[in-house]
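The values are calculated or read from the model by the stated rules, or taken from the named source; none is laboratory data. Here the structure is a predicted model, which means the values were calculated and not measured. Please note: Cβ atoms are built from the backbone with ideal geometry, for glycine as well, and neighbour counts cover all protein chains shown. Side chains included, ligands, DNA and RNA excluded: accessible areas come from the protein's heavy atoms. Shrake-Rupley method; radii C 1.70, N 1.55, O 1.52, S 1.80 Å.
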Amino acid sequence: MSPAIVLEVQTHYKEEELLEGHEFQKGVQHLCEGGITKVPRKYILPALDRPISPKKDGATNFKLPIVDFAQLQGPDRIHALKSLSKACEEYGFFQLINHGIACQSILDMIEAGRKFFELSFEERSKYMSKDIRAPVRYGTSFNQNKDRVFCWRDFLKLDCHPLSEVLPYWPSSPTELRQAAVNYSKETKFLYLMVVRAILESLGLAETTKETDENDGDDHIIKEFQDGSQLLVVNCYPSCPEPDLTLGIPPHSDYGFLTLLLQDEVKGLQIQHEGRWVTVEPIPNSFVINVGDHLEIFSNGRYKSVLHRVLVNPLKSRISVASLHSLPFGSMVRPSPKLIDDANPRRYKDTDFASFIEYIAFHEHRGKNFLDSRRLT
């Protein structure tokens, strides 16, 4: 083959890749709407990174530790705090039941999220942005600006703080989305603050009382959390023709303090536990709550953020809503001085959101690589 022909073939191949890349930036939902029977190569993981079918792996569904929110508010609080501490230390995840958020609020949020992804691509694309600081962002994959292999997921991210400033930027379609998201974000923020108070108590950083409403002396401790960031992420994982070749989200830990995850009835979430990937069994009307990198730093490593990923389904699409919470964007996250002593020396550098944003701008987010960059030992 002559050099001229080789160059022509290579040029054609690069142009084809660029064209495909542009199409994939439009998202998985757009791809599926066009009708596909095979997973495009842009989404095919290297063989060692692919999920092993639970049937082939012999894996069974996994039940996370359960924390009863009603117990946290009653005379059994001390017992519930012990369960909470054990879950954060040994699993990094737990299921929260009896949380007090109305079923209708949850159903409204799931349904409004589902309807958004059923809008035309032209309508959805109005909210596409590569600016990760944008108050609303529709996108695809995990980090579409850096991912070499895309994952089988589209998302809608809504910044929720301060709500009065960001609300005008949120999608106006479907018509019920804004109100559903406002209600849901307020209720999950309140729940988050109650769980944070319990976590501070479990770490010995706040006084434990039977009646938390009378515990006003600790308000200064959680004031910074009240003013903290909140990001609502609605995830859409369309049904996939070859689910063993790709992932909805690759293995990662969450960068914030706590994540409150609402799942629909379709299984998909997996966590790494004792060296194995296990599928979390959904519990109706519960939240999956997980420790984020900021809490691992704050607790000086006592509570661990844990790798998790999402499988996709060959028959059913899946919707989840993650409410990610942390300190204010301008705050410095550091190990609590009360959790540092000779037996437990400081293990992490100070960090902030600016460091995280700068890191992901130049690195592909894999595993716990950001947190690893903040370790002292």
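Here is how the numbers come out for the structure above:
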{"item": "5 angstrom amide H check on Asn313, placed H, neighbours 5+ away", "result": "Cys240"}
{"item": "Cα-based reach from Lys316 at 27 Å (exclusive), listing lysines while leaving out same-chain residues under 8 positions away", "result": "Lys26, Lys38, Lys42, Lys55, Lys56, Lys63, Lys115, Lys126, Lys157, Lys267"}
{"item": "Amide H partners (placed H, <5 Å) of Tyr255, local residues excluded", "result": "Asp293"}
{"item": "Rg/Rh ratio calculated on Cα atoms of the range 316-370 (Kirkwood radius)", "result": "1.10"}
{"item": "In degrees, nearest ten, helix 353-362 long axis to first principal axis of the chain (Cα)", "result": "20 degrees"}
{"item": "Against the rule of thumb 2.2 N^0.38 Å, how large the Cα Rg of the range 283-377 comes out", "result": "1.29"}
{"item": "Residue-by-residue Karplus 3J(HN,Hα) for the range 258-268, coefficients 6.51, -1.76, 1.60, Hz, glycine and proline x", "result": "9, 10, 9, 10, 10, 10, 7, 7, 8, 5, x"}
{"item": "Principal-axis tilt of helix 177-202 within the chain, Cα atoms, nearest 10 degrees", "result": "50 degrees"}
{"item": "Taking all pairs of distinct alpha-carbon atoms in the range 215-355, Kirkwood radius in angstrom", "result": "16.8 Å"}
{"item": "Surface accessible to a 1.4 Å probe, per residue, for the residues of the chain, Å²", "result": "47 Å²"}
{"item": "Cα→Cβ-extended label distance, 7 Å offset, between Glu176 and Ile222, nm", "result": "3.1 nm"}
{"item": "Most to least accessible of Ser185, Ser164 (protein chains only, probe 1.4 Å)", "result": "Ser164, Ser185"}
{"item": "Projected-area average for the range 67-151 over all orientations - Cα convex hull basis, square nanometres", "result": "8.8 nm²"}
{"item": "Under 18 Å from the Asn183 label point (7 Å along Cα→beta-carbon), backbone N, the range 105-145", "result": "105-116"}
{"item": "Estimated FRET transfer efficiency (Ser164, Arg41; beta-carbon r; R0 51 Å; 0.05)", "result": "0.70"}
{"item": "For the range 107-157: rounded, prolate or oblate by the Cα gyration tensor [a/c cutoff 1.5]", "result": "prolate"}
{"item": "Label-point separation, Lys126 to Lys349 (7 Å along Cα→Cβ), nm", "result": "4.3 nm"}
{"item": "Cα-based helix-to-principal-axis angle, 77-90 vs the chain, degrees rounded to 10", "result": "40 degrees"}
{"item": "Residue among Phe155, Phe298, Phe121 with the largest mean-square fluctuation in a Gaussian network model of the chain, springs linking Cα atoms under 10 Å", "result": "Phe121"}
{"item": "Alpha-carbon radius of gyration plus Dmax, which is the widest Cα pair, for the chain in Å", "result": "21.6, 84"}
{"item": "5 Å-binned pair-distance histogram of the range 120-274 (Cα, whole percent)", "result": "1, 7, 14, 17, 17, 16, 12, 8, 5, 2, 1, 0"}
{"item": "Helix-derived mean residue ellipticity, 222 nm - over the chain, DSSP H n ≥ 4, -39500 (n - 2.57), to 500", "result": "-10000 deg cm²/dmol"}
{"item": "Approximate spin-label separation Leu315-Asp244, in nm, with each point projected 7 Å along Cα-to-Cβ", "result": "1.7 nm"}
{"item": "Relative packing of peptides 168-177, 307-316 - highest average C-beta neighbours within 10 Å first", "result": "307-316, 168-177"}
{"item": "Area of Cys88 that stays accessible when all protein chains are in place (1.4 Å probe, Å², to 10)", "result": "0 Å²"}
